[in-house]
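Notes to accompany the following structure.
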Amino acid sequence: MNRFMEDNLSTYLSTSISPLPWIKMTGGARYDHFFYSINNTKYNSATGGLLRQRLSTSVGTPTVKAAIAINPYKPVTIFVNYGQSVTSPDANSDITVNPSLAPTLLTSGEAGIRYDYLPLGAHIQGSSYKTIDSNEIGVNQATLQTQNMGKSYRWGFDTDAAITLLKYRGARLDLHGSYNWCMHG
């Protein structure tokens, strides 16, 4: 029997400025705090009795975000994004196995270009990205214990496109398509 509570309290602050009509800059910061309360009772096959685990723990971490978008001419936008996010350990499957697990910080950078053709309600966009997971959570094959495994990387590119097929009295029917290629390391 496992009863657990996992709460996430977060605060976020952001701003956007446009010093010139063709440029927009955005920045932000976020703080996430995770609270865990676990009451786990399970059968211990080694002793033939019940194993009771009760724990409360919490951990918090700040993250930042920044972006810039440039419109060299009206339908084209060139953009660069930098952002961080946090992934918490799962109270049920991770924290009950290893209470000392820390959240992982994901740091991503992205650069791309977008073209909007307003008469057809169409756009096409392409971007490339790289994400670093500061301390990926996985299972140690030697001990079969959940633990922070170290850095991992993902890099790739995204493309997406959309077009409006039908507009009628405020209703729209759009067709969207996307493709993503990603490599892990």
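Bear in mind these aren't lab numbers, they're just calculated from the coordinates by the rules spelled out. Bear in mind that the values here come from a model prediction, so they are computed numbers and not experimental data. Glycine gets a Cβ as well: all are built from the backbone with ideal geometry, and neighbour counts include every protein chain shown.
Just going by the charge dipole of the stretch 2-184, with Lys and Arg at +1 and Asp and Glu at -1 on Cβ, which of 63, 17, 87 is farthest out on the positive end?
Of the candidates, 17 comes out farthest on the positive side.
Under a cut-off of 30 Å between alpha-carbon atoms, report the lysines in cross-link reach of residue 151, not counting same-chain residues fewer than 8 places apart.
Candidates past the 8-residue exclusion: 65, 130.
First measure r as the distance between the Cβ atoms of residue 45 and residue 157, then evaluate 1/(1 + (r/R0)^6) with R0 = 35 Å and state the FRET efficiency to the nearest 0.05.
E between residue 45 and residue 157, to the nearest 0.05, is 0.10.
Cα centroid distance between the stretch 11-35 and the stretch 51-95, in Å?
Here the answer is 13 Å between Cα centres.
Percent relative contact order of the stretch 2-184, based on C-alpha pairs within less than 8 angstrom and at least six residues apart? Show your work: numbers first, answer last.
Numbers: 429 pairs, mean separation 24.9, N = 183.
Rounded, it is 14 percent for the stretch 2-184.
Once amide H atoms are built 1.01 Å from N in the peptide plane, which residues 5 or more positions from residue 149, or in another chain, come under 5 Å H to H?
136, 137, 138
For the stretch 88-157, rounded, prolate or oblate, judged on the Cα gyration tensor with a ≥ b ≥ c (square roots of eigenvalues), a/c < 1.5 rounded, else prolate if a/b > b/c?
Working: a/c = 4.19, a/b = 2.93, b/c = 1.43.
Because a/c hits 1.5 or more and a/b exceeds b/c, the stretch 88-157 counts as prolate.
Would you calculate the separation in nanometres between label points at residue 181 and residue 76, each defined as 7 Å from the Cα along the Cα-to-beta-carbon direction?
2.3
Show which lysines lie in cross-link reach of residue 74 when reach means a straight Cα distance below 21 angstrom and same-chain residues fewer than eight apart are skipped.
24
Quote the convex hull volume per residue of the chain, based on C-alpha atoms, as a whole number of Å³.
Values: hull volume 33.5 nm³, N = 185.
Measuring per residue, one finds 181 Å³ for the Cα hull of the chain.
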